Structure formats: C-alpha cells, structure tokens
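The structure under discussion appears below in the form of structure tokens.
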Amino acid sequence: MPSVYLPELENLKPGDETRLEGPEFHHLAHVARRRAEDALALNSGQGSLGTGIVLKTAKDHALLRVTDIRRCEPFPAPYAIAFALLKNRHDELLVEKCTELGASAFFPMLTEYSVRQAGGNTLERFRKTALAAIKQCDNPWLPEVLALSDLSEALGLIEEKGFTPVVCSEQHPELWLHHIPRVKLARPCFLIGAEGGWSDAEFKALERFQHISLGNLITRAETAAIAVAAQWLAYAEQCFSVE
C-alpha cells in the first residue's frame with residue numbers, strides 16, 4: 001500500500017475528504033499509479049498515521065477520503081545526529097537510515113576534514129530523503145533538518161534545540177554508550193566527524209562534552225551514525241523498561 005505524506009491529517013477525522021496536490025499527487029498518480037477506490041496509507045509527519053481511499057483523480061490533484069486515523073506518542077527518548085558532509089552522497093544514506101531508526105533532528109556540518117562543500121540543493125535533498133524514509137517505514141514523526149553550519153555554530157544550534165552534544169570518537173575506547181549515566185545523556189545529539197575524523201582544534205572545542213566509542217574497529221562515518229542510532233534505541237529501551 002503506498003504511503004502519502006499528508007500534514008493536514010492532524011486536522012482531519014475519519015470520513016473527511018481532502019485534496020492531494022503537488023509532488024505527493026504526482027507520485028501517487030504517476031509513480032504508484034493509484035486510481036479511484038485504491039487504498040492508501042497516510043502519514044502526517046507530526047504524529048498521526050491513517051488510511052484512506054482515492055475517490056477520484058484529475059489532471060493536477062486527487063480527492064481522498066480518510067477512513068482511519070491513529071495518533072502516535074512521540075518517542076520517549078529522542079535523539080539527534082550531527083554529521084559532517086560526506087562524499088558520494090553517503091550522508092543521504094545516513095539521513096535515510098537514521099530516520100528509519102527514529103532520529104528527531106539532523107545537524108549537517110562543515111568540519112575541517114569535510115571532503116565536499118554543500119550544493120544549492122543539499123539541504124533539500126536531505127529533507128526529501130527524510131520524507132521518503134518516514135513513508136517507507138511508517139515513522140509518524142518527520143525529523144527536522146537544520147541549516148548547514150560549522151562546528152561552533154552547530155554546537156549552538158544543538159543546545160538551542162534542547163539536545164546534549166555527545167561526541168563519537170576513538171579517543172576514549174573504554175567509554176561506550178552503556179557506561180554513561182542516563183542523566184548525562186538527556187536528549188543526546190551524537191556528533192559524527194568527517195571521514196578524516198576531528199582535527200586537533202575541533203577535539204579541543206569538544207573536550208567539555210561527553211565522548212563515547214562505538215566499537216573496536218574504525219567505521220565509515222555513515223556506519224558510525226547508524227550504529228550509534230541503533231545503540232541508543234537499545235540503551236533507551238533498557239532504561240525505560242526498568243522504570
């Protein structure tokens with residue numbers, strides 16, 4: 001069943017009709033090739049999932065009827081990922097997989113060892129990637145993609161958004177996520193450096209924050225982000241199941 005991004009689902013109820021236009025209509029009609037009476041999954045990206053049917057399609061829109069809606073509670077242990085831009089669009093893979101693992105926000109960065117600069121559509125590509133991912137995995141919460149910034153600016157944005165920076169590095173191989181008291185990991189934002197890691201100056205700027213190791217081997221940056229997202233889900237599940 002194809003999934004449609006429908007932000008207005010937040011203000012609808014079962015039985016309501018709504019008009020679908022723009023890119024979501026184009027995908028529905030010309031990629032998924034849905035027609036009248038076909039069923040759809042609906043995703044508001046703001047906490048609601050539902051189902052609907054196509055009533056009719058026209059040249060530039062479709063008319064839908066909502067058949068069911070369920071509200072979803074936010075993940076009780078939200079986290080974010082800050083990452084340096086990566087070559088060959090590996091950062092899009094990072095955004096896709098971490099969205100599937102429930103990340104709440106992304107903070108793209110330019111660091112000293114970044115291997116590429118941002119293009120004019122880099123942030124838009126990240127946002128489209130995240131949107132496609134929530135539809136693919138029925139994640140009802142669309143993550144926020146923040147403006148591209150350098151490390152100093154990113155740290156300010158991370159704290160402004162209420163996250164706690166946590167640095168992923170090899171400098172403290174004895175410290176893993178499960179070794180850190182939960183009180184020090186309130187709404188963590190895991191910082192992932194470029195393929196070349198963090199520079200000495202960046203390590204100095206990051207020394208006041210908690211550092212963790214992700215494993216015994218050096219991984220690619222996108223692998224590190226996916227690994228820490230999965231580790232956080234396991235850590236948070238253990239913490240919350242004890243309460």
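The values are calculated or read from the model by the stated rules, or taken from the named source; none is laboratory data. Nothing here was measured: the structure is a model prediction, and the numbers come from that model. Here the Cβ is made from the backbone with ideal geometry for all residues, glycine too, and neighbour counts use every protein chain on show. Accessible surface is based on the protein model in full, side chains and every heavy atom, while ligands, DNA and RNA are left aside. Shrake-Rupley method; radii C 1.70, N 1.55, O 1.52, S 1.80 Å.
The long axis of helix 122-137 is offset from the longest Cα principal axis of the chain by roughly 60 degrees. Accessible surface area normalised per residue over segment 25-82 is 50 Å², counting heavy atoms of protein chains with a 1.4 Å rolling probe. All other residues whose Cβ lies under 13 angstrom from that of residue 224 are scored, Lys and Arg at +1 and Asp and Glu at -1, for a net of -2. Given their separation in residues at 0.36 nm each and the Cα-Cα distance between them, residue 159 and residue 113 gain 14.2 nm when the chain is fully extended. Measuring against 26 Å, Cα to Cα, the residue pairs 135/184; 97/161; 128/204; 59/97; 97/204; 161/184 contain 135/184; 128/204; 59/97; 97/204 as the ones spanning a longer distance.
Of the trypsin sites (Lys or Arg not before Pro) found in segment 44-104, those in coil by DSSP whose Cβ has at most 14 other Cβ atoms within 10 Å are 59. A simple count of charges around residue 63, restricted to other residues whose Cβ falls under 15 Å of its Cβ and scoring Lys, Arg +1 and Asp, Glu -1, yields -2.
In the chain, the longest principal axis of the Cα atoms and the axis of helix 221-242 are about 80 degrees apart. When the accessible area of the chain is split by element with a 1.4 Å probe, what percent falls to carbon and sulfur? Carbon and sulfur atoms account for 51 percent of the accessible area of the chain.
Report the net charge of residues surrounding residue 189, where surrounding means a beta-carbon distance below 15 angstrom and charges are Lys +1, Arg +1, Asp -1, Glu -1.
Details: positive: 161, 184, 187, 208; negative: 144, 153, 159, 160.
Residues close to residue 189 contribute a combined charge of 0.
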